[in-house]
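Since the structure comes first, as structure tokens, the remarks are kept for the end.
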Amino acid sequence: MIRVHYLEKSRSHRILWLLETLGLEYEIITYPRDSKTQLAPDSLKRVHPLGKSPVITDGDITVAESGAIIDYLLSCYGEGRCQPSADDTAEWANYRYWMHYAEGSLMPLLTMRLVFSQLPKHSPWLVKPISKGIRDAVNKRLIAPQLTEHLTMIENHLSTRQQFSSAWPSGADVQMSFPLKALSMSRSLKDYPATAAFVARIDADLGWQRVVERVGPLTLPG
């Protein structure tokens, strides 16, 4: 039995989505976040030393990191589904790019935006105006321009293909689902119609809907 160690308000939805897509049986072990710190409980560190989520156990095997989990599940149980053939070199390279891009390039930017957005909230009241000024300056000069570049690249790709690889949903679509769903929850995507359509397609996917029925809609810490 595959066990998904599911931290509330985490990136675990996409792993559940892949499991539903593959039609695999799995068990969910849920871990609540600390209501004040929003951190994972220490009990998750008994599964993996960093106490991060998602992480799965499959018998004696423990796999952490979303990309590694997706690779593991497709290698062991995919039977050729949800990823292009390695014989199609161009499509395989495209698939691998988006698989690594999601966490390697896009998520660090979104994490930085989240951290700076919380700065005034967690600052002493005397320095709240200063911390708000820092937040606004970093967002205007660094985060917002970079995010526009990233969204423009994603939009250009999706406007011609509607998805990130040849199958739906591919491992790349699953990996990209979290950052794009998170973005859609924090800002309008009206200037990026193909990206908005991709997010809507996730919501309409039967596998995703089964995930929502089981654990509820995707929510974010904060």
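Which of the peptides 56-62, 79-85, 100-106 is most tightly packed, and how do the rest follow, judged by the mean count of other Cβ atoms within 10 Å per residue?
Put in order of decreasing packing, that is 100-106, 79-85, 56-62.
Once phi is turned into ³J(HN,Hα) by the Karplus curve 6.51 cos²θ - 1.76 cosθ + 1.60 with θ = phi - 60°, what whole-Hz value does each residue of segment 47-61 show in order, with x for glycine and proline?
Ordered by residue, 3J(HN,Hα) equals 8, 9, x, 7, x, 9, 9, x, 8, 10, 10, 9, x, 8, 9 Hz.
Which whole-number percentage describes the relative contact order of segment 136-222, with Cα contacts under 8 Å and a sequence gap of 6 or more?
Reported as a whole number, the value is 26 percent.
Tell me which residues come under 5 Å, amide H to amide H, from Val55 once H is placed; ignore anything under 5 positions away on its chain.
His5
Starting from the Cα-Cα distance between Leu24 and Gln162, subtract it from 0.36 nm times their residue separation and give me the gain in nm to one decimal.
Between Leu24 and Gln162, full extension yields 47.1 nm more.
Can you pick out the pairs among Lys9/Lys45; Lys52/Lys190; Lys9/Lys36 whose Cα atoms lie more than 21 Å from each other?
Check vs 21 Å cut-off fails for Lys52/Lys190.
Restricting the calculation to Cα positions, tell me the Rg (one decimal) and the Dmax (whole number) of the chain in Å.
Rg then Dmax for the chain, in Å: 18.2, 61.
Note the full-extension length gain between Lys9 and Glu65 as 0.36 nm times their separation in residues minus their Cα-Cα distance, in nm to one decimal.
Fully extending the segment from Lys9 to Glu65 adds 18.6 nm.
Could you check the simple spin-label distance between Thr89 and Leu109, using points 7 Å along Cα→Cβ, in nm with one decimal?
Roughly 3.0 nm, to one decimal.
When a/c reaches 1.5 or more, the comparison of a/b and b/c decides; with that in mind, is segment 150-209 rounded, prolate or oblate per its Cα gyration tensor?
It is oblate, given that a/c is not under 1.5 and a/b is not larger than b/c.
Using Cα-Cα distances under 8 Å and only pairs 6 or more residues apart, what relative contact order does the chain have, in percent?
24
In whole percent, what relative contact order does segment 89-205 give with Cα contacts below 8 Å and a gap of six or more residues?
Taking the mean separation of contacting Cα pairs over the length of segment 89-205, I get 32 percent.
What is the extension gain from Thr152 to Ala194, computed as 0.36 nm multiplied by their sequence separation minus the C-alpha to C-alpha distance, in nm to one decimal?
Working it through step by step, the gained length comes to 14.1 nm.
Quick check: convex hull over the Cα atoms of segment 89-205, volume per residue in Å³, rounded to an integer?
103
No lab work stands behind these numbers, since they all come straight from the coordinates. All of these numbers come straight from a predicted model, not from anything done at the bench. Cβ coordinates were reconstructed from backbone atoms using ideal geometry, including for glycine residues, and neighbour counts include every protein chain displayed.
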